[in-house]
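**Q** Just passing along the structure, written as structure tokens.
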There are 2 protein chains.
Amino acid sequence: MKLNFEKFKKDFSLSLEDISREYFIRNKDNMSIKKESTAIKNLATIIQTTLSISNDRGFQAMSLRDLSKESGLSLGALYSYFSSKEELFRIIHNIGMDTITNVLVQNIAHCNTLEEKLRHGIKIHLYLSELMGDWFYFLYMETKNLSKEERKLSLQAELYTENIFAEIIQEGIKKKIFQTKNALLISSAIKALLQDWYLKRWKYLSRKITVEEYAEFVIEFVEANLLKNKK
Amino acid sequence: MKLNFEKFKKDFSLSLEDISREYFIRNKDNMSIKKESTAIKNLATIIQTTLSISNDRGFQAMSLRDLSKESGLSLGALYSYFSSKEELFRIIHNIGMDTITNVLVQNIAHCNTLEEKLRHGIKIHLYLSELMGDWFYFLYMETKNLSKEERKLSLQAELYTENIFAEIIQEGIKKKIFQTKNALLISSAIKALLQDWYLKRWKYLSRKITVEEYAEFVIEFVEANLLKNKK
DNA sequence: AAAAAAATAACGAACGTTCGTTTTTATATT
DNA sequence: AATATAAAAACGAACGTTCGTTATTTTTTT
């Protein structure tokens, strides 16, 4: 049950090609590209290049000519994989959301104690964002491109994660394991600390802090509050 | 010495007009608008509208026709206040950076105890970001528009704030007031929690959490770590 | 040779920007 | 005080360029 990053990384087999394959299989009827291997290869390239340019200069600032040049596909070829720039955004956004949500849901393990549950949740989030940093950063920074209604859905996803922690803490309070008046604020703070890891990658990278070290820190930081008068 | 938001708000007299006035006076030689009152009025409108559109849809997504329409100034008139869209960005970015830095530097008070100093720093940051939320959000989300070199300067500003807290904590460790192995990580976490306040305004607003409540929470949250084995 | 995929070329709309003109405001003259 | 003149500010149509997108042609694969 003891989770570390190496183990998570090994079990986490989702490559960009896997993600592209799943998308192709689900949507092959509406796609003009017939051959699976070609579709997957190019989809993976397109997504990777888009994430890379967007995270550097912004999705709006990326022209399709940029994408063409940096992906090695012609303008015409690109349009075999999406019908508009807006759709390209939606594809990446939706794939990212779904993938992340699925991995999180599947990995929220049933631990023995609530303390373990809390630690486990924090680690899973951090480890996943370590492996899918591009996606997390993109989803966070490019929400502006969504319509008003789509944004609301995106906000609910934010609250969803927060709620997972809130529920653990609430239950802990009932069972008198945790002690705090601010269960929701603490959940919110946890979320902020988890996000900092992928929003400020450059900082932690330059300081040579590993994801495991950071996870330990966050856990300690949070537990110092929840177990304040316990120890 | 006891600081609360109401007091800070009253003492903080900087309006958008004040900021525009200072910019005008500094740059009047290079400006085609001669009359101070006109320049200030329109500069304030331009800045406010740009911040508003940018924070909603993104600076890149804002066309100058949008800005013209929503500010009430014609396309031609706009170009009397800046020489290019890029310059408009730089003007707002630089004014924002300078203003915020100045206010912070001026308000880092010399408190009696280190604990007070820490609390004071947290409050000042939160109160200021409460009053200048638009600017903070803009500066955070639109860094992409800067050149590589300008970005580096921007990152150093991020580290500057962090360092203020790091130094307080370091000193506290020396004097055996605080206790932690992770002074820098805690500073980094403080920064993340302060940023969450203006990055997730919608969330805290909808939960009706006031800036004072949040400040109290952050202080409590941090002190629980620094004073762990003290109480 | 037929089908699929990629590359090329072209289109109209929208962009940032400029500029000749008009409107408004301030100054000078009667 | 009223009028004439000059300066300042605002206007919006038009320019060249770049954008997303589509139609056509070429290349590759089966």
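**Q** Can you list the residues in segment A:127-145 whose accessible area drops by at least 20 Å² when all protein chains are present, compared with the chain alone? Use a 1.4 Å probe, heavy atoms only.
**A** A:Y140, A:M141, A:K144
**Q** Right, here's the next one. Mind checking how much accessible area B and A bury in total, 1.4 Å probe, in Å² rounded to 100? Before the final figure, lay out each step's value.
**A** Details: alone 13460 and 13440 Å², together 23170 Å².
The buried area between B and A, both sides summed, comes to about 3700 Å².
**Q** So, one more: What do you reckon, how do A:I164, A:I122 stack up by accessible area (1.4 Å probe), largest on top? Walk me through the numbers on the way to the answer.
**A** Details: A:I164 30, A:I122 0 Å².
I get A:I164, A:I122, largest accessible area first.
**Q** Follow-up question, since we're still on this one. Gap in Å between the Cα centre of segment A:178-231 and the Cα centre of segment B:122-153?
**A** Using only Cα atoms to place each centre, the spacing works out to 23 Å.
**Q** Points 7 angstrom from Cα along the Cβ direction at A:S147 and A:D18: gap in nanometres?
**A** Taking the two extended label points, one gets 3.3 nm.
**Q** To two decimal places, what compactness ratio does segment B:20-173 give when its Cα radius of gyration is scaled by 2.2 N^0.38 Å? Mind dumping the intermediate values first?
**A** Values: Rg = 18.0 Å, N = 154, 2.2 N^0.38 = 14.9 Å.
Output field value: 1.20.
**Q** What does the accessible area per residue of the protein assembly as shown come to in Å², with a 1.4 Å probe and no ligands, DNA or RNA counted?
**A** Values: 23170 Å² over 462 residues.
Ligands and nucleic acids excluded, the figure is 50 Å² per residue.
**Q** Another one. Report in % the part of the accessible area of segment A:87-197 that belongs to carbon and sulfur, leaving out ligands and nucleic acids; probe 1.4 Å. Provide the component values of the computation, followed by the final result.
**A** Working: 2410 of 4830 Å².
C and S atoms contribute 50 percent here.
**Q** How large is the accessible surface of A:K228 in square angstrom, using a 1.4 angstrom probe and rounding to the nearest 10?
**A** Spelled out: A:K228, probe radius 1.4 Å, area about 80 Å².
**Q** Next question, about the same structure. Once the label point is placed 7 Å from Cα along Cβ, list for A:L159 the distances to the corresponding points in the other copies, in nm, shortest first.
**A** Here the equivalent label points are 3.9 nm apart from this one.
**Q** Do you know the relative contact order of segment A:16-91, to the nearest whole percent, from alpha carbon pairs under 8 angstrom that are 6+ apart?
**A** Details: 44 pairs, mean separation 21.4, N = 76.
Relative contact order for segment A:16-91 comes out at 28 percent.
**Q** Could I ask something else about it? Which three numbers, in whole Å and largest first, are the semi-axes of the equivalent ellipsoid of segment A:16-91 derived from its Cα gyration tensor as √(5λ)?
**A** Values: eigenvalues 80, 31, 26 Å².
Its equivalent ellipsoid spans semi-axes of 20, 12, 11 Å.
**Q** Could you tell me what a quarter of the Cα convex hull surface of the protein assembly as shown works out to, in nm² with one decimal place?
**A** On the way: hull surface 99.5 nm².
Averaging across all directions leaves 24.9 nm² for the Cα convex hull.
**Q** Where a Cα-Cα gap under 23 Å defines reach, which lysines qualify for A:K28, not counting those fewer than 8 residues away within the same chain?
**A** A:K41, A:K85
**Q** Using Cα pairs closer than 8 Å and at least 6 residues apart in sequence, work out the relative contact order for segment B:5-226, in percent. Working shown, then result.
**A** Numbers: 143 pairs, mean separation 42.8, N = 222.
Across segment B:5-226, relative contact order equals 19 percent.
**Q** With angles folded into 0 to 90 degrees, how steeply does helix B:16-27 sit against the dominant principal axis of chain B? Use alpha carbons for both and round to 10.
**A** Roughly 70 degrees between the two axes.
**Q** Taking a probe of 1.4 angstrom, what is the accessible area of A:S147 in Å², to the nearest 10?
**A** Accessible surface of A:S147 is approximately 50 Å².
The values are calculated or read from the model by the stated rules, or taken from the named source; none is laboratory data. The model shown is predicted, which means the values in this text are computed figures rather than measured ones. Cβ: placed from backbone, ideal geometry, glycine included. Neighbour counts: every protein chain shown. These area figures cover heavy atoms from the full protein model, side chains too; ligands, DNA and RNA do not enter into them. Shrake-Rupley method; radii C 1.70, N 1.55, O 1.52, S 1.80 Å.
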